[in-house]
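*Asks:* Got a structure for you, questions after.
No lab work stands behind these numbers, since they all come straight from the coordinates. As the structure is a computational prediction, the values presented were derived from the model and not from experiment.
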Amino acid sequence: MLDLTSLESAIASLRRSLDETLRVMPTVSPVLQETLRAGVIQHFEVAYEQCRKAMKRWLENNVSPEDVDRASRRGLFRLAAEKRLIDSVDLWMTFHEGRNKTSHTYDLATAKEVFERAVAFAAESEKFLATLSRHND
């Protein structure tokens, strides 16, 4: 049985940050919007990594450590989809690409793009957590 405490905390932090940012964004200055966006992106990065690690641990425990170790990122997501932990390999690859963009480049256009991915990721990560919790025995 996996300890999902860190995953739950990361996803909850992303959701709180995102909800508050979306609530106040139209009412604040562009500089504050950029700061809020950066905070959501940071929470997205942490939540994404926690999801990936939990996914990998679950697959190692329930499929095969060797298969998981040999799997590429897409292969990991494919295994997760086969086990019905996630619905779309391609969608999770877009989250991975967004995560990579935050560590390699940072400009306003990239921040806006990754922020939009974080919005979509929040719902998918919550769905992943609920599914993982049901299959965590």
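*Asks:* Which angle between 0 and 90 degrees, to the nearest 10, do you get for helix 89-104 versus the longest principal axis of the chain when only C-alpha atoms count?
*Replies:* The two axes meet at around 50 degrees.
*Asks:* Residue by residue through the range 66-80, which ³J(HN,Hα) values in whole Hz follow from phi under the Karplus form 6.51 cos²θ - 1.76 cosθ + 1.60 (θ = phi - 60°), with glycine and proline marked x?
*Replies:* Here the 3J(HN,Hα) series is 5, 4, 5, 5, 7, 6, 6, 4, 4, x, 4, 5, 5, 4, 5 Hz.
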